[in-house]
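Just below is one structure, and these are the notes that go with it.
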Amino acid sequence: MIETIPQLFLNTVKSYPKDTFMMSKAAGRYESLSTQEFGDRIQYLSLGLKELGFQPGDKLVILSENRPEWVMTDLAVQCAEGVSVPIYTSLVPEQVAYIIEDCEASFVVVSSAELWEKIKAVKSRLKKVRRYITLASETPEDVYAFAQVLHMGRERATNNPTIFEKEALAVQPSDVATIIYTSGTTGVPKGVILTHGNFLSNIKAVAEVLYFSVEDTVLSFLPLSHVLERMVMFTYLFKGCTIAFAESIETVAENLLEVRPTIMVSVPRVFEKIYSKVIDTVLAGSAVKRRIFFWALKVGREHGRRVLEKESISRGLKFKHRLANKIVFQKIVDKTGGRIRFFVSGGAPLSKDIAEFFYALGLNVLEGYGLTETSPVISLNTFENMRFGTVGKTIPGVQVRIAPDGEILARGPNIMKGYYKKEAETREAFEGGWFHTGDIGHLDKDGFLVITDRKKDIIVTAGGKNIAPQPIENLLKTNPFISNAIVIGDRRRFLAALVVPNFEKLESYAKSNGILFQGVSDLAKNPKILAMILAEVERATPSLAPFEKIKKILILDREFEIEKEEITPTLKVKRNIIETKYKNLIDGLYTEDQENKV
């Protein structure tokens, strides 16, 4: 029985021998790594770390983009009875230093010279770090090259061929596998302690309700620092999938065509961008092409609805669907490589309209729900149980309960051990014996979980109305002119929104309508543009209740940035920081309103 990550790894190497087990881009082309090469390098790296003084329970920080060596390092640490601590490459040096110091890391692995500069800037503070290792071709002073460590481990394996497996199998399910620092939309990041047993329970439960196989090829592009990508990576290994790494989020469209994956895990922002691009392309086409597309989409939606509701499909609808697929849908599907069996969406709520849109095209986006603290999956839509607008049913072994105030509570073998060195926060999170997710939601009559919003994000207007901003924001982001939006109005008379426009479309609109501008900041302040975007906001939200309507907007002249701590590395908006940064402008919206009432 597989109960730890080292056991999972050893089983993978023995059970799934492949010439192409992993794929990564080098010199402009994808190169393959066999299962045997993958396994050998993990063994040598693990033994090499021991040669450098790595001890059971030691923490090793990984600061790297997605690549085979990331996974190798993670598994090597697990097999050496250690604890891996991932760090997002987008974090600034101060944030990197905080995590390294807080987790008391003794080893740090860095992938590039650029990322080494972040370490170098704070290195004098990192008193507990004993060894630095780099994957870069140039090795700074007092830093070990990755190849050096592999060489040291190979020598140890030659002298003692059985020692690696013996050490790897000494790991117990209750041992700590990793400490993952929450990206933190509010407050200081907390280190989430996850055990081998936490991960294995989640891996097995997900593999029970979703089919992964040795025949699958997956494209990995979400940061492995993100708990969802980390867990599904273990699941890919568990089932022997071929794993290809995207070069970056910017190259995903290109890499999809090169790799032609059957599975990809993503966050809603990527699906929102694909949706906007498709709609933009359609609207830019001729009137005939637009009519054909929206006819096909209507057919696809009706066909999809009948499939999900297990209703009979008439011969006429079958014929129309085959025609729509041939003349419209297949062209879009081909841009994903043409082999996708399913996408998984997690990390934030996915708009129901966008999920239905992809399903109509023949692309299944299975939305799930979870947190870093739950390893991460709590619930998941599957082919057998799918309902748009929900995050599916709870996975095997996990229980969910709704508290009187609407908060989602969870219990199961996937729930974290606690927060590292934060006993008070841990006690608070487990008050009453259930883990408090901080999310608001409900279970529908058939047991599908519906997420409304974050408990801390709920807006209570001056009139006493409780409003969840995320569903409104998701509606706004389906509009082609709107790239991002934040709804505000807590303790205010009405709702307003900060809108990040699609700058390319905005400039095109301005030019075609004779609106003069020097740059996007001019457009953001232009009354005609403001009126147009407000009309688009109203067009995107026709079904909202009067108290949910957006009455005023501010147009921003730039995207939210990770470096400015406005969004997390997983693209979640830090609402409190943005509201603080734009406080004067926001107050102005409501001050003007008061003046108008006098």
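Derivation of every value follows stated rules applied to the coordinates shown; laboratory data play no part. As the structure is a prediction and not an experimental result, all values here were calculated from the model. Ideal geometry is used to build each Cβ from the backbone, glycine not excepted, and the neighbour counts take in all protein chains shown.
Here the Karplus relation 6.51 cos²θ - 1.76 cosθ + 1.60, evaluated at θ = phi - 60°, turns the backbone of the range 109-119 into coupling constants of 10, 10, 8, 9, 5, 5, 6, 4, 4, 5, 5 Hz, with x for every Gly and Pro.
Neighbour counting of Cβ atoms within 10 Å sorts the residues ILE163, ILE578, ILE179, fewest neighbours leading, into ILE163, ILE578, ILE179. Among beta bridges from DSSP that stay inside the range 458-597, the antiparallel ones total about 65%. In summary, the lysines within cross-link reach of LYS583, defined as a Cα separation below 18 angstrom excluding same-chain residues under 8 places away, comprise LYS525, LYS551, LYS552, LYS564, LYS574. All C-alpha to C-alpha distances of the range 458-597, sorted into 10 Å bins beginning at zero, yield P(r) values of 11, 42, 37, 10, 0 percent in whole numbers. Sorted ascending by nearby beta carbons within 10 Å, beginning with the fewest, PHE503, PHE9 become PHE503, PHE9. A prolate overall shape is assigned to the chain, the ratio a/c of its alpha-carbon gyration tensor axes (a ≥ b ≥ c) being 1.5 or greater and a/b exceeding b/c. To the nearest ten degrees, helix 68-79 and the longest principal axis of the Cα atoms of the chain are 60 degrees apart. Helical content of the chain, expressed as a calculated mean residue ellipticity at 222 nm, amounts to -12500 deg cm²/dmol (DSSP H runs of 4 or more residues, -39,500 (n - 2.57) each, divided by residue number, nearest 500).
The C-alpha atoms of the chain define a longest principal axis, and helix 503-512 lies at about 30 degrees to it. Cross-link pairs exceeding 19 Å in C-alpha to C-alpha distance, out of LYS50/LYS118; LYS190/LYS572; LYS289/LYS477, comprise LYS50/LYS118; LYS289/LYS477.
Seen through its C-alpha gyration tensor, with square-root eigenvalues sorted a ≥ b ≥ c, the range 320-427 comes out prolate because a/c lies at 1.5 or above while a/b is bigger than b/c.
For GLU94, GLU155, the sequence from fewest to most other C-beta atoms within 10 Å is GLU94, GLU155. For the range 458-597, a simple Cβ point-charge model (Lys and Arg +1, Asp and Glu -1, everything else neutral) yields a dipole of about 380 debye relative to the Cα centre.
Taking amide H as placed 1.01 Å from N in the peptide plane, the amide H of ASN66 sits under 5 Å from that of LEU224, each at least 5 places away or on another chain. Let me know the shape class of the range 1-136, please: from the alpha-carbon gyration tensor, a ≥ b ≥ c as square roots of the eigenvalues, rounded when a/c is under 1.5, otherwise prolate if a/b is greater than b/c, or oblate. Because a/c hits 1.5 or more and a/b fails to exceed b/c, the range 1-136 counts as oblate.
Between the alpha-carbon centres of the range 95-130 and the range 515-554 there is a gap of 44 Å.
Helix 315-324 and the long axis of the chain differ in direction by around 70°, with both axes built from C-alpha atoms. Tell me the net charge near THR570. Cut-off is 10 Å between Cβ atoms, THR570 excluded, with +1 for each Lys or Arg and -1 for each Asp or Glu. In short, +1. Cα centroid separation, the range 432-485 to the range 193-255: 27 Å. Summing +1 for each Lys or Arg and -1 for each Asp or Glu among the other residues whose beta-carbon sits under 13 angstrom from that of LEU516 gives +1.
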